[in-house]
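The block underneath contains the structure these notes are about, expressed in C-alpha cells.
Computed from the coordinates by the stated procedures, all read-outs in this text should not be read as laboratory data. Just so it is clear, the model here is predicted, and its values are computed rather than measured. Note that each Cβ is placed from the backbone with ideal geometry, even for glycine, and that neighbours are counted across all protein chains shown.
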C-alpha cells in the first residue's frame with residue numbers, strides 16, 4: 001500500500017516549518033495478513049480474484065483451526081489482520097474471530113462489499129471494535145451494479161457507509177480503476193466527502209498486460225497517470241487544509257517514483273528528502289510485509305498469487321511457511337534488490353518500487369522477474385528501455401484480479 005496522504009502531510013509540514021519532519025518507520029517483524037476466511041459471497045462480481053459464488057465451499061478452516069493460526073501469527077509478530085472473503089460477513093463466526101483478534105492486540109480490518117450491512121449489522125461491527133471497514137465501490141450506481149451483477153448493490157453499499165458512520169466506525173471506499181469505470185473516479189472522490197468516508201483506496205488493476213508497448217503513448221497508462229495526478233492533487237489539498245482524510249493506492253509501486261516526479265515539479269526543494277522517505281518505504285512488499293491466507297488455509301505471497309501455493313497452515317505453521325525460501329518465488333521476493341530483469345532491472349527507481357508487482361510479469365511471460373508491464377512510467381523516466389519477450393503459452397491461465 002502506498003500512503004499518498006502520509007507523504008503529502010509530511011510535505012505540508014515541511015512547507016510550514018521549513019524543515020522536513022523526521023519520521024521513523026517501524027516495520028513489524030511479521031507481515032500484514034489479508035485473510036480470506038470464506039469464499040462464499042452473495043455477489044458474483046466480474047473482477048473477483050477468489051471467483052466466489054453464493055454457495056458453501058468445502059474444506060474451509062474451522063474456528064479452532066483459525067484460532068490456532070492466530071496464535072502462530074501473533075507469536076510471529078504479525079501486526080494486522082484484514083478479514084476478507086468472499087463476503088466475510090457470511091461467515092457465522094466472524095464476530096468470534098474478530099473479537100479474539102482484538103483481544104490479542106491485532107489491528108483488525110474488515111473488507112466487505114457492504115450489501116449486508118444494515119443499521120443492526122453496523123452496530124454489531126462497531127461493538128466488535130474493528131479498526132477499519134473497507135467497502136468496495138466500482139463506480140457510481142450504473143457502473144457499480146453492472147460490475148457487481150446485482151441491481152441495487154450500489155444503494156445498499158452506500159447505505160452501509162452511512163450506517164457505519166453513524167455508529168462511529170472508520171470506513172473507507174475501495175476502488176479499482178479499469179477502462180470500464182475510470183470515468184467515475186472524480187465523482188467517487190466527491191462522494192467520499194459527501195457520505196462520511198475518511199479513506200479512499202485506489203487499486204490499480206493487476207493484469208496480464210499488453211506487451212512491449214510505448215508507455216508514453218499507451219491510453220491505459222495515460223489514464224493511470226491522469227488518475228494519479230488527480231489523487232495527488234486531492235491529497236495535497238487535504239494535507240494543506242489539515243484534513244486527516246487518507247488517500248492511498250495499491251498494486252502498482254510505480255506510484256512512488258511518480259509522486260517523486262510530482263514533487264520535483266511542484267515542490268522541488270523537498271525532492272531529496274522525499275526520495276529518502278520513499279527508499280525507506282521500500283516499494284512492493286509481496287512475500288515480505290504483506291501475506292495472504294485463503295479460505296482453505298493455503299498461504300500466498302499476496303492476494304494476487306492464488307495460483308501459487310506456498311503451503312497450507314494445516315500442514316505447517318504460517319511462520320514456517322513464510323520463512324521458507326526453498327520456493328523460488330519467495331526466495332526472489334525476499335531478496336533486496338530483487339532479481340528483476342528488463343526495464344525493471346535497469347530502472348533508476350528500483351530502490352523505491354522494489355520491482356513493482358511480479359504477478360503481472362509472470363502472467364504475461366511466465367517469468368516472475370521480467371519487467372512489470374503495468375509500470376506506467378516511460379523508458380526515459382525509468383532510465384531503461386523495454387526488452388522484447390516471448391508471450392506466455394496460450395494454455396497459461398490469465399487472471400484479472402483486483403480487490404476483495
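In percent, how large is the relative contact order of the chain, given Cα pairs closer than 8 Å and 6 or more residues apart? Walk me through the intermediate numbers first.
On the way: 765 pairs, mean separation 81.2, N = 404.
Reported as a whole number, the value is 20 percent.
Between residue 198 and residue 170, what length comes free when the chain is fully extended (0.36 nm per residue of separation minus the Cα-Cα distance, one decimal in nm)?
Extending this stretch completely gives an extra 9.4 nm.
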request  = Tell me the label-point distance for the pair residue 315, residue 230, using the 7 Å Cα-to-Cβ offset, in nm and rounded to one decimal.
outcome  = 4.5 nm
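Kindly put 330, 8 in sequence by how many other C-beta atoms sit within 10 Å of each C-beta, fewest to most. Please list the in-between numbers first.
Numbers: 330 21, 8 26.
So the residues, fewest neighbours to most, are 330, 8.
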message = Can you give me the orientation-averaged projected area of the convex hull built on the Cα atoms of the range 147-191, in nm²?
response = 3.6 nm²
task = Pop the C-beta distance of residue 387 and residue 1 into the FRET formula with R0 = 35 Å and round what comes out to the nearest 0.05.
result = 0.75
task = Starting with the fewest neighbours, write out 41, 353 ranked by other beta-carbon atoms found within 10 Å of each beta-carbon.
result = 41, 353
task = Treating the Cα atoms of the range 239-322 as identical point scatterers in vacuum, please give the log10 of the normalised Debye intensity I(q)/I(0) at q = 0.16 Å⁻¹, two decimals.
result = -0.76
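Summing -39500 (n - 2.57) over the DSSP H runs of n ≥ 4 in the chain and dividing by its residue number, what mean residue ellipticity at 222 nm do you reach, to the nearest 500 deg cm²/dmol?
Values: 16 runs with 158 residues, N = 404.
It lands at -11500 deg cm²/dmol.
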note = For the pair residue 244 and residue 55, the simple spin-label estimate (label points 7 Å beyond Cα toward Cβ) gives in nm 4.6 nm
key: Most to least packed among 113-120, 248-255 [average Cβ atoms within 10 Å]   = 248-255, 113-120
message = Tell me the Rg and the Dmax, in Å, that the Cα atoms of the range 1-142 produce.
response = 18.1, 59
message = Within the range 167-186, name every residue whose backbone N is under 17 Å away from a label modeled 7 Å from Cα of residue 123 along the Cβ vector.
response = 167-169
query = At q = 0.10, 0.11, 0.12 Å⁻¹, what log₁₀ I(q)/I(0) does a Debye calculation on the Cα points of the chain give, no solvent, two decimals?
reply = -0.66, -0.81, -0.99
remark   = With label points set 7 Å from each Cα along the Cα-to-Cβ direction at residue 17 and residue 102, the distance between them in nm comes to 3.4 nm
